[in-house]
Amino acid sequence: AAAAAGAAQALAAAAAALQPLEADPPDPEAASAALARARSAVEQAADARRRLDTELARLRGEIGVQAEEAIEERHAEIAGRLVAARDRQASLEAEVALLARLRDALEAARRSARDRYFEPVRRELAPLLAMVYGPAEVEFDDATLLPARLTRAALAEGIESLSGGTREQIAVLTRLAFARLLARDGRPTPVILDDALVFTDDDRIERMFDVLHRQASDVQIVVLTCRQRVFRGLGGNVLGFCERPRPAAAE
């Protein structure tokens, strides 16, 4: 009787579970697909576990080998070297900062000395440049103390890129400016131009003649040339040299 009662209850539960399945029966193919997917996922998980077990065994073996090689002592040694390296880095950074300050101070002193040296030359050279080129400025090289750049109309050009005529004009103007400075300092020095302004065009050479006359007020300028026609408009005191006529040959 007890078994029959239990069976009746089980039958009633099965019937209750059967009713919704009969009302909306599941798709066998979908169930098969879900089962296949689940089995595939289980197999993949099993493969991954096997690989991880293998990797874990390898790592445990490597840890054991490295433990025998005193890896902790090596770690402590490397940590100490790292601390020493950082201390060295801090020391070098402080030294670099100090050297940078020294470099900046030397650069400032060099610029100041350069400006004190070249400023009088620039002041004397400015009106001469204006007579030839209009508003212009010549920059000097710090190392060679020679003209390095000519700035005209806000355009700076290196001396090496200028024409031959412009380069020789700047050379003459610079010499005239230095001669005027020496004269004002009580050390008059003559300027001798030997066949200068060879590459200067007609317009510029007239302006250069005006510059020579301007500077000749307190500087002695001697111009040597074999181009009498070109320098005819220079003015000044002209000294001519001629050869003594040769005697006639005897018959």
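Summary table below
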{"quantity": "Qualifying residue in the stretch 91-103 (condition: over 30 Å from residue 159 (Cα atoms) and over 36 Å from the mean Cα position of the chain (by Cα))", "calculated": "no"}
{"quantity": "Residue that is least open to solvent (accessible area, probe 1.4 Å), among those in the stretch 200-224 that are modelled with pLDDT under 85 and of a type in the set (S, T, N, Q)", "calculated": "200"}
{"quantity": "Candidate set: the stretch 165-194, residues that are polar (S, T, N, Q) and in a helix (DSSP H, G or I); chosen: the one nearest to the chain's Cα centre (by Cα)", "calculated": "166"}
{"quantity": "Test result for residue 197, in a loop (DSSP other than H, G, I, E, B) and open to solvent by less than 30 Å² (accessible area, probe 1.4 Å)", "calculated": "yes"}
{"quantity": "Selection count, the stretch 136-164, where residues are surrounded by fewer than 16 Cβ atoms within 10 Å (Cβ to Cβ) and either more than 31 Å from the chain's Cα centre (by Cα) or in a helix (DSSP H, G or I) (or both)", "calculated": "3"}
{"quantity": "Scan of the stretch 24-65 for residues that are of a type in the set (S, T, N, Q) and open to solvent by 100 Å² or more (accessible area, probe 1.4 Å), ordered by number", "calculated": "44"}
{"quantity": "When residues of the stretch 66-77 are limited to those that are surrounded by 10 or more Cβ atoms within 10 Å (Cβ to Cβ) and in a helix (DSSP H, G or I), the one modelled with the lowest pLDDT", "calculated": "67"}
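The values are calculated or read from the model by the stated rules, or taken from the named source; none is laboratory data. None of these values were measured; they are calculated from a predicted model. Cβ sites come from the backbone with ideal geometry, for glycine too, and all protein chains shown count toward neighbours. Ligands, DNA and RNA are excluded from the accessible area calculation, which covers all protein heavy atoms including side chains. Shrake-Rupley method; radii C 1.70, N 1.55, O 1.52, S 1.80 Å.
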